[in-house]
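Visitor: Following this message is one structure expressed as structure tokens.
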Amino acid sequence: MDLSSLLHQLTLPPSSSSSSSSSSSSSSSPPEKPRPPQLPPPITEVLARLQEKLIGAEDEKASDVLIGQAEQLFRTADPDWLFRPDPANQAALVAVASALIGRAALPLCEPDAPPPASGYRDVPERARPVCSALAALLVRLGRCQSEAGGGASRSLLHAVAPPCFVFAVTHLQVAPWTSPASRQAAAGLQGALLRAGRWRDPAHFLMGDEEEGEGTSRGMLGGVLDVLQPQLNKDTWQRSEAVKFVFSSTLLQVSRPALSPHLPRLLPPALLLSDHYRPENCMLGVRCVHHIVLNTPAAELRQYNRAEVLYQALYKHLYTTEASVIQLVLSCLLDLLLVLEKPPASLAPARPPRKPCRHDDVLRLLLTHMEAESKVALRRVYATALPLYIDRMGVAVCRHLRRVERVLLGYLEVGDPPDETSRLAALTALQRTVEVAWPRMAGRVCVLLRCLLRLLLDVSSDCEPTAAARQQLMEQSRVCVALLDRCAHTQLQSLLQQVDSSCVSPDVLSCLATVTMETPR
């Protein structure tokens, strides 16, 4: 039976014209027995036929007609017939939903060669009717679940929800394969999905309720990963431009404790992304790894040597020249190192002396790159990260004090207008260093003071920095001079009072005066 006539039979009442004509033509013959109403065919047969036609549709016009017929079926069919509690029926509904999603599938691309934007031209128009049809199915499932109190409709909803969620997230991205209209349709589909299952938001959809019981929601992260998994191995993840965004946006909405049970399925794709040579993919992967580190217990990360694998994968990125990648890697390493070992700042003095650890390795490599770096963007990233690593090292930074001094002197001598990000970060690092390594600073006071005075003179006569940056530089320099004075047991105050007022600006004199007037501790 043709699908169009079948849907017509299911949704329209039978006509009475045939019965009236037959009664008039056979008035002399004995009346016939009334025919029993024609029963609809099994729903599995209808869904199988619908799936077959959706997969085999050759042109867009036929596809649009079929999608419209599917939406009509979902909206008007008898729910007891459409959502019959049968495993075969559930599998057939999932297959139809997958066939609908396939009508708006993104074109596959060759590895490292994404298709041009023109290859996605027709995708937004195809996605809109698919979103409408899937939303109709979810609305009907949600209504049946409310009326019947769960049971079979909830099981069906949990079966079709993961592919619908993946499809919605795919078309919510601001990307070449979406348009404002398709993103609005995808948002409507996601809203229908959340309402149908009484999920508060996508994070609640993925994680569910922490306490299981009657009336609670089960997290759908496992089902979503089942849908994504075939596209997330090393041979297939580059064939679709959307899968990496769907995976990352899904992962970043899952927090502890819901993330830990799925850790073996989440780590490999994150490492695949972080290991890619394209900076945008690498950044996406590092963000995913950092989220995993923050939301997984340290004991689980150390299990099976996972933390060490992550450390080695991130450490090699410190040799890259992409400032955006370096920034994310340094931040992620700072948290990962806490999983692998205790911070040196928290360790008590020991004999024999403390052995070098991973913190030392990262700081040593960071200082090496800082010394030779000439790119402004990288200098800013390195300088911003250095104070955090000095705080983590604590007094153990004395092991690197000579190199730290050399790096800071170099960064303070070179301007970074208009915001002076590098100089401000270097001053912050100098403050941290003096605070934690003050017993070793007495021999370095003269060199550092000379550099700070030169910085004050440069700032007072330079018009390129903004007024706010100039004020911050002078204030931070004043704090550093005061700290050095305390390390020298106030011996600098007599030297500062001898500064020739004819050679410096009033701002510099005022800054130095505040240091000489401070009461020594």
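The values are calculated or read from the model by the stated rules, or taken from the named source; none is laboratory data. Here the structure is a predicted model, which is why all the values come from computation and not from measurement. Neighbour counts are summed over all protein chains in view; Cβ atoms, including those assigned to glycine, are modelled from backbone coordinates with ideal geometry. Note: accessible area is taken over every heavy atom of the protein model, side chains too, but ligands, DNA and RNA are not part of it. Shrake-Rupley method; radii C 1.70, N 1.55, O 1.52, S 1.80 Å.
Visitor: Candidates (1) 39; (2) 12; (3) 33; which is the computed percent of Cα pairs over 46 Å apart?
Guide: Structure-derived value, by its label: (1).
Visitor: Using only Cα atoms, find the angle between the long axis of helix 263-274 and the longest principal axis of the chain, and express it within 0 to 90 degrees, rounded to the nearest 10.
Guide: Around 60 degrees separate the two axes.
Visitor: Enter the accessible area per residue of segment 317-390 (Å², integer; probe 1.4 Å; all protein chains in place).
Guide: That works out to 48 Å² for each residue.
Visitor: Rounded to the nearest 20 Debye, what is the dipole magnitude of segment 190-284 about its Cα centre when Lys and Arg each give +1 and Asp and Glu each give -1 at the C-beta?
Guide: 240
Visitor: Shape verdict for segment 413-512, please, from the Cα gyration tensor: rounded (a/c under 1.5), prolate (a/b greater than b/c) or oblate.
Guide: Verdict is oblate for segment 413-512.
Visitor: Tell me, in nm to one decimal, what length is gained between GLU210 and TRP438 on full extension, where the rule is 0.36 nm per residue of separation less the Cα-Cα distance?
Guide: Between GLU210 and TRP438, full extension yields 77.2 nm more.
Visitor: Quick one: length gained pulling ASP235 to GLU341 fully straight, 0.36 nm per residue minus the C-alpha distance?
Guide: Between ASP235 and GLU341, full extension yields 34.7 nm more.
Visitor: Quick check on the chain: helices-only [θ] at 222 nm, where DSSP H runs of length 4 and up contribute -39,500 (n - 2.57) each and the sum goes over total residues. Nearest 500, please.
Guide: So the calculated ellipticity at 222 nm is -20500 deg cm²/dmol.
Visitor: What's the FRET efficiency of ALA372 with ALA348 using the Cβ-Cβ distance as r and R₀ = 41 Å, to the nearest 0.05?
Guide: 0.70
Visitor: How much length is gained if the chain between VAL414 and SER255 is pulled fully straight, taking 0.36 nm per residue apart and subtracting their Cα-Cα distance, in nm to one decimal?
Guide: Full-extension gain reported as 53.0 nm.
Visitor: Quick one: of LYS244/LYS316; LYS61/LYS244; LYS316/LYS355; LYS342/LYS375, which pairs are farther than 29 Å apart, Cα to Cα?
Guide: Pairs exceeding the cut-off: LYS61/LYS244; LYS342/LYS375.
Visitor: Moving on to the next point. For segment 53-138, with every protein chain kept in place, what is the accessible area per residue (1.4 Å probe, Å²)?
Guide: Spelled out: the 1.4 Å probe surface of segment 53-138, per residue, equals 47 Å².
Visitor: Between ALA488 and SER324, what is the FRET efficiency for a Förster distance of 51 Å, r being their Cβ-Cβ separation, to the nearest 0.05?
Guide: Result of the calculation: an efficiency of 0.80.
Visitor: Packing-wise, with mean Cβ within 10 Å as the measure, how do 201-210, 300-309 rank, highest first?
Guide: 201-210, 300-309
Visitor: Which of the peptides 320-330, 82-92 is most tightly packed, and how do the rest follow, going by the mean number of other Cβ atoms within 10 Å of each residue?
Guide: Result, highest mean first: 320-330, 82-92.
Visitor: Extending each Cα 7 Å along its Cβ direction at ARG198 and GLU147, get the distance between those two points in nm, one decimal.
Guide: 1.8
Visitor: If you don't mind, there's one more thing I want to ask. Tell me the carbon and sulfur percent of the accessible area for the chain, rounded to whole percent, probe radius 1.4 Å.
Guide: Answer for the chain: carbon and sulfur cover 54 percent of the accessible area.
Visitor: For segment 422-449 and segment 157-210, what is the separation of their Cα centres, given in Å?
Guide: Cα centroid to Cα centroid, the span is 52 Å.
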